[in-house]
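Input: a single structure, listed below in structure tokens.
Values in this text are rule-based calculations from the coordinates and carry no lab data. No experiment lies behind these values; they were computed from the predicted model shown. Positions of Cβ are generated from backbone atoms using ideal geometry, with glycine treated the same way; all protein chains shown enter the neighbour counts.
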Amino acid sequence: MINHRALRHRYLVILVAILCISFGSIFNQEPTFGQSSGSKNVIVAMTTSIEDSGLLDDLVPAIEKKTGYRLKKVAVGTGQALALAEKGEVDALFVNSPKAERKVLEGGAVINRHLVMHNDFVIVGPDADKAKIRGKKNAVEAFSLIAKNQALFVSRGDDSGTNKLEKDLWKQANVTPSGTWYQQTGSGMAETLQVANQKLGYTLADRATYIFQQKNLSLPVLVQGDKKLLNLYHVMEVNSKKYPRVNSAGAKAFINFVLSPEGQTIIAAHGKKEFKQPLFYVDAGKTEKDYGF
Amino acid sequence: MNTIIEGAFKAFELLTSGDSDVFQVMTMTLFVSGTATAISVLLGLPLGLWLALVDFIGKQTLTSLINFGMGLPPVVVGLFVSMFLWRSGPLGNLDLIYTPIAMIVAQTIIAFPIVTGFSFAAIISINPKLRWRLLSMGATQWQANWLLIKEARLGLMAAIMAGFGRVISEVGASMMVGGNIKGQTRVLTTAIVTEVGKGNYDVAMAIAYILLIITYTVIVLLTILQHDKKIL
């Protein structure tokens, strides 16, 4: 009995030791533990495609070194990112839904909006291509054909930038998508691509996520190159005049860095090594007008 | 099928190579879930005991509330805690959203009713005559309660394990209030979601194995504490 008790105590010591070690290492690594929006922290809400493509993993260390700010990046759909900005919950945005952004900009919730980079959207689908859209140059026409053939289309349905563009294309095609051929996942691009892949459906995807996921997919790109499929990424600062708790200096430092030659070089190089092609093309100094919007 | 096996190799590789990212996520997971469990035990065990031993008006209502809390959906807890901790929320001034503390708060709310409910059940299931017998044999109230706790040890340890198991495997609330920020609030479950998002199913599998190993290790240690003898 005494032995057993000693043994039990030993295990208790091990348990406590595990907890202490985690405590110790956390406090070592977390000099600003417990605060999120102090002057040294910047919260950036961004689209999942930026997180999933690993772009910010390349940018964050350089930004933190250069500016001295600690970056907290929260990856959500563009819809949610804009909603967070409209409540003043975040300091800066890095998103890809120009139309929705302009509305928030006009409302005065965000300021200092700049084009950073672009890539494009693609329509992918099963190799058998029941709707016969392969090689079409017109995205709206491709959408009409999918609807006409009642071919399975998997939508993100999460109000993200991609989802907003998709809804826009349905509208232009004069289709109100409904019925069993139209399914909404309510999740991010990667999950939605995987659902489309497993169910052999069509979907609209941003090229960066598609390239990233390609090793897990059997869906080829069927439609690309339409100007409507251009994917523009903007950064903006949440208006600190409207929301006094916003870290305006930190947001500015973040925006200035991604637009600086150093930031733009990192963006342009991202993905080249891994995929032999860049995932994004840089646009500092340009505006939407340069692309005819 | 291949990914399932590859994941195991990858997990071994990550664990043995001392990958600092993985180590950081592991320690953060243990820190957040361990602390949340510890707080839940500190609050839940006494409450469970009190519920089992003391009669008062409204006891049934409180008990049913605790039992209801045992099934609280983590994502609902995450949503409520977010609303409170947001800058625009009532506790926004504390600057706690997207920090480990926010995650501990959410996980404690999830684990606390479980620990309380199981503790209550453990004590109440002991023969009620035992306490009267102890008291009649001259034990003080405190002594009688302490002996009851010792008698109910198996059930009380089960309460702790259930609470810990629930929070270490939880993802919805941690994602919402922690933000899944790399190097700051990423834990093993949210790291799995991220790796799936990146299409790295093998890494996701590897982290899943690591999560299972950690959970199993802690549960084994608790089980050994629960029983008097070594069970391995």
statement: Ordered by fewest other Cβ atoms within 10 Å, a rough proxy for footprinting exposure, B:S40, B:S82, A:S260 read A:S260, B:S82, B:S40
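Restricting to bridges with both residues inside the protein assembly as shown, how much of the DSSP beta-bridge set is antiparallel, in percent to the nearest 5?
60
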task: Report the paramagnetic label zone for A:A62: residues of region A:93-127 whose backbone N is under 19 Å from a point 7 Å from Cα along the Cα-to-Cβ axis.
output: A:93-95, A:114-119
message: Viscosity 0.890 mPa s, temperature 25 °C: what is the translational diffusion coefficient of region B:58-188 from Stokes-Einstein with a Kirkwood Rh over Cα pairs, rounded to a whole number of µm²/s?
response: 147
Long-range HN-HN contacts of A:L230 with modeled amide H, under 5 Å: A:F121
statement: In whole Hz, the Karplus estimates of ³J(HN,Hα) for region A:198-210 (6.51, -1.76, 1.60; θ = phi - 60°; x where Gly or Pro) are 5, 9, 6, x, 8, 7, 9, 9, 7, 5, 4, 5, 4
field: Where the Cα pairs of chain B fall when distances are cut into 10 Å bins, in %
entry: 8, 27, 29, 21, 11, 4, 0
message: Given R₀ = 22 Å, what would the calculated FRET efficiency be for A:T287 paired with A:N112, taking r from the Cβ atoms and rounding to 0.05?
response: 0.95
- prompt: Per the Debye formula with a single identical scatterer at each Cα and no solvent contribution, what log10 I(q)/I(0) holds for region A:218-290 at q = 0.20, 0.23, 0.24 Å⁻¹?
  reply: -1.01, -1.12, -1.16
- line: When the charge dipole of chain A is computed with +1 on Lys and Arg Cβ and -1 on Asp and Glu Cβ about the Cα centre, the Cα farthest towards its positive end, among A:N138, A:L19, A:V124, belongs to A:L19
- request: Take every residue in peptide A:71-80, count the Cβ atoms of other chains within 10 Å of its Cβ, and give the average of those counts.
  value: 4
query: Near the amide H of A:V74, under 5 Å away, which other amide H atoms are found, from residues 5 or more places off or on another chain, if H is placed in the peptide plane?
result: A:V44, A:A45, A:M46
query: Per residue of B:87-100, what is the mean number of Cβ atoms on other protein chains within 10 angstrom of that residue's Cβ?
result: 5
message: On the principal axes of its Cα set, how long, how wide and how thick is region A:93-228? Give whole Å, largest value first.
response: 47, 34, 27
- line: Each label sits 7 Å from Cα toward the beta-carbon; between A:N138 and B:A162 the label points are separated, in nm, by 6.3
query: In whole Å, what are the Cα extents of region A:179-229 along the three principal axes, biggest one first?
result: 29, 25, 18
field: Along principal axes, Cα extents of region A:86-125, largest first, whole Å
entry: 38, 19, 18
- prompt: Convex hull over the alpha-carbon atoms of region A:152-293: what's its volume per residue in Å³?
  reply: 160
Region B:65-128, Rg to Rh (Cα coordinates; Rh as Kirkwood inverse mean 1/r): 1.15
task: Output the pairs from A:K103/A:K228; A:K164/A:K273; A:K252/A:K272; A:K99/A:K272; A:K65/A:K87; A:K73/A:K99 with a Cα-Cα distance over 25 Å in this structure; if there are none, say none.
output: A:K164/A:K273; A:K252/A:K272; A:K99/A:K272; A:K65/A:K87
- request: Relative to the compact-globule scaling 2.2 N^0.38 Å, provide the ratio for the alpha-carbon radius of gyration of region A:61-151.
  value: 1.55
task: Kindly express, to the nearest 10 degrees and within the range 0 to 90, the angle between helix B:153-168's C-alpha long axis and the longest C-alpha principal axis of chain B.
output: 30
message: Please list, in order along region B:37-53, the HN-Hα scalar couplings obtained from phi with the Karplus expression 6.51 cos²θ - 1.76 cosθ + 1.60 (θ = phi - 60°), rounded to whole Hz, x for Gly and Pro.
response: 5, 4, 5, 4, 5, 4, 8, x, 4, x, 5, x, 4, 4, 4, 6, 9
Coil-residue trypsin sites (Lys or Arg not before Pro) of region B:60-167, DSSP, other Cβ within 10 Å capped at 14: none
field: With Cα atoms, 0 to 90° folded angle of helix A:139-148 axis to chain A main axis
entry: 80
field: Quotient of C-alpha Rg and 2.2 N^0.38 Å, computed over the protein assembly as shown
entry: 1.12
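Can you give the FRET efficiency to the nearest 0.05 for A:E262 and B:K129, using r as the Cβ-Cβ distance and R₀ = 60 Å?
Efficiency computed from Cβ-Cβ geometry: 0.20.
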statement: A correct fewest-to-most ranking of A:L230, A:L115 by other Cβ atoms within 10 Å would be A:L230, A:L115
- request: For peptide B:23-32, compute the average count of partner chain beta-carbon atoms within 10 Å of each residue's beta-carbon.
  value: 4
query: Which ³J(HN,Hα) values, rounded to whole Hz and listed in residue order, are derived for region B:90-106 from phi using the Karplus coefficients 6.51, -1.76 and 1.60 in 6.51 cos²θ - 1.76 cosθ + 1.60 with θ = phi - 60°, glycine and proline given as x?
result: x, 10, x, 5, 6, 6, 9, 5, 6, 10, x, 4, 4, 5, 5, 4, 4
- prompt: Given 0.36 nm per residue, what is the gain on full extension from A:K103 to A:Q214 after removing their alpha carbon distance, in nm?
  reply: 36.6 nm
field: Angle between chain B longest axis and helix B:188-197 axis [Cα atoms, degrees, rounded to 10]
entry: 30
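May I ask for the equivalent-ellipsoid semi-axes of region B:95-169, computed as the square root of five times each C-alpha gyration tensor eigenvalue and listed largest first in whole Å?
Working through the eigenvalues yields semi-axes of 34, 13, 8 Å.
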message: Two decimals, Cα atoms only, Kirkwood Rh: what is Rg/Rh over region B:144-232?
response: 1.13
- request: Report, as a whole number in µm² per second, the diffusion coefficient that Stokes-Einstein gives for region B:1-91 at 37 °C and 0.692 mPa s using the Kirkwood radius over alpha carbon pairs.
  value: 188
statement: If B:F120, B:F9 are placed from fewest to most neighbouring beta carbons inside 10 Å, the sequence is B:F9, B:F120
message: Please report Rg (one decimal) and Dmax (integer) in Å for the Cα set of chain A.
response: 22.7, 83
